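Comments concern the structure below.
The values are calculated or read from the model by the stated rules, or taken from the named source; none is laboratory data. A quick note: this is a predicted structure, and the numbers were derived from the prediction, not measured. Cβ atoms come from the backbone with ideal geometry, glycine included; neighbour counts cover every protein chain shown. Remember, those area values only see protein heavy atoms, side chains included, never the ligands or the DNA or RNA. Shrake-Rupley method; radii C 1.70, N 1.55, O 1.52, S 1.80 Å.
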Amino acid sequence: MVEGQARAKFIDGSTMRHVVVMALTGALGIMALFLVDFFDLYFISQLKQTAMTAAIGYAGTIILFNISIGMGSSIAASALVAHNLGSGSVDRAREYATNTLLTSLIISTLVTLTLVFGSGYFLSILGAEGETNRIAQNFIWTMTPGFILVGGELCCAAILRALGDARRAMYITLASAIVTLCFDPILIFDLHLGVQGAAIATVLGYLTAFSIGFYSLIKTHRFLKPIELSKLVRDYPAIWAIAGPGILSQLTLPFSNAYLTHLIASYGDEAVAGFAIICRIIPVAYGVIFALAGAVGPIIGQNHGASNIHRVRKTLNDALIFSTLYTLGATIALFMYRQEVVVLFSVVGRTSDIILYFCKFIALSWIFVAAQFLASAAFNNLGYPKLSLYFNWGKATLGTIPFALLGSHIAGPEGIIAGNAVGAVISGLAAIATVYWIVNRSKSADNLTN
């Protein structure tokens, strides 16, 4: 696609169709991204060494910070490219695509350096000790070349979604999962590299994914422009105005996971291993929900750029209906196959108890997590990125800490997970209600001016 062919694809046609297509293809991509961690943990769990499984859990909490920062940076790419395409400013959309990708790579490099030198300290804060800490550090150090690539990979996928090319955006992270799945058993078992083999396989997956994304933007769409430092400096305030709150908002998930891991660590490695497995099950079971923000954002952004508030509201309605129905289906599946999940990971005792508790009682709370993800996408694309930041951090602090502490006091690890779910319900309802208030107010103002 050459420059003159780039157009806003979401300003006409069925909004439900756009939501479903973008969410499902985006979900395959997001699930593929998290399947990388899932495969790592699955293959390591087959070694039946609790310390190794727990180490992957601790390391995964640290790595999630890097992925979340990459996702935050990609929010700016999606919002700016989609909005400018919707308003007809194709050349500016190309400039923003180029400069947000460069910004994402710079940020990922800085984060990587921080993790290289601070991983031991961060792991100690989480509660990793002795051999578990050492194994987790080795995993993180081996992974560091991939930390830079994952930021670029996510940004490329976001730009492609903003262009309406959901298929190639899906290919990016799908390729990462396929490569990791192929190399994990070879490096872990055949070459006896253990956790380092899992890390090497993941890096190879990230390299493949970034290469596909970059090639798609350069060759297929011809959408990236030559780098010009002056234009990067010019666009930096607009990029950071969205990327800054976006990154801080995305950091709420790893912050919450880190805090919950810290609380659960006091109950031993078996409890940490159980929580680590839950954290890998969630993105696979609810990949569509994780994809919702990236899927709905460009649709809202293009229609907002075209000043079509009616279609923005309809997109919100359709996305909420779709996410609720999907979450109900996924929750029923987890409940029905909860024993199979335990068998899959070859776990027993407290690890098994915690996983079964989540599948039976807690999974349904993801209906409200989905509402908050949808609200965050709307805030970022309607010009209210700070509201996304406030609501997400409200959930990560007031919606997590007091409830988790109370739950820990009442029912141990299961109580911690239940407390976190209660906070998710309250926060999700408040966030989605605020989005509808903003859209209704915009609709009223639009009616008055017309």
Next item on the list: Among what's in the range 338-353 and is outside any helix (DSSP H, G or I) and surrounded by 19 or more Cβ atoms within 10 Å (Cβ to Cβ), pick the residue that is farthest from the chain's Cα centre (by Cα).
Entry: Val347
Notebook entry, point to check: Is it the case that the range 43-57 has a residue that's touching a Ser or Thr at 6+ places or on another chain (Cβ under 9 Å) and on the phi > 0 side of the Ramachandran plot?
Noted result: yes
Check: Could you say whether any residue in the range 235-252 is in a helix (DSSP H, G or I), over 24 Å from Asn84 (Cα atoms), among the polar types (S, T, N, Q) and modelled with pLDDT of 90 or more?
Finding: no
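From the list Ile416, Ile362, exactly one residue is at pLDDT 95 or above, within 25 Å of Leu251 (Cβ to Cβ), open to solvent by less than 40 Å² (accessible area, probe 1.4 Å) and not in a loop (DSSP other than H, G, I, E, B). Which is it? Write out each step before concluding.
On the way: Ile362 fails: at pLDDT 95 or above.
So the residue among Ile416, Ile362 that is at pLDDT 95 or above, within 25 Å of Leu251 (Cβ to Cβ), open to solvent by less than 40 Å² (accessible area, probe 1.4 Å) and not in a loop (DSSP other than H, G, I, E, B) is Ile416.
A quick yes/no check of all residues on (1) free of Cβ contacts under 8 Å to residues at least 40 places away in the same chain; (2) open to solvent by 10 Å² or more (accessible area, probe 1.4 Å):
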| site | (1), (2) |
| --- | --- |
| Leu35 | no, yes |
| Asp40 | no, no |
| Gln49 | yes, yes |
| Ile56 | no, no |
| Ala59 | no, no |
| Ile63 | no, no |
| Asn66 | no, no |
| Ile69 | no, yes |
Checklist line | Pairs, first among the polar types (S, T, N, Q) in the range 398-414, second open to solvent by less than 50 Å² (accessible area, probe 1.4 Å), C-beta under 6 Å, six or more apart | finding: Thr400/Ser256; Thr400/Asn420; Thr400/Gly423; Ser408/Leu263; Ser408/Gly415; Ser408/Ile416
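Out of curiosity, is Ser108 under 24 Å from Val203 (Cα atoms), at pLDDT 85 or above and assigned to a helix (DSSP H, G or I)? Steps first, answer last, please.
On the way: under 24 Å from Val203 (Cα atoms): yes; at pLDDT 85 or above: yes; assigned to a helix (DSSP H, G or I): yes.
Yes, satisfied.
Filter the range 183-213 down to residues that are hydroxyl-bearing (Ser, Thr, Tyr) and more than 15 Å from Gly146 (Cα to Cα), then give me how many there are. Before the answer, list the steps.
Step one: list which residues in the range 183-213 are hydroxyl-bearing (Ser, Thr, Tyr), which gives 202, 206, 208, 211.
Narrowing the set further to residues that are more than 15 Å from Gly146 (Cα to Cα) leaves none.
Count: 0.
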Next item on the list: Would you check if there is a residue in the range 399-411 being under 30 Å from Ser74 (Cα atoms) and part of a helix (DSSP H, G or I)?
Entry: yes
Checklist line | Filter result (surrounded by fewer than 23 Cβ atoms within 10 Å (Cβ to Cβ) and not in a helix (DSSP H, G or I)) within the range 140-184 | finding: Gly164, Asp165
Note to self: Going residue by residue through the range 205-215, is there one that turns out to be under 20 Å from the mean Cα position of the chain (by Cα), more than 30 Å from Val20 (Cβ to Cβ) and surrounded by fewer than 19 Cβ atoms within 10 Å (Cβ to Cβ)?
What the structure shows: yes
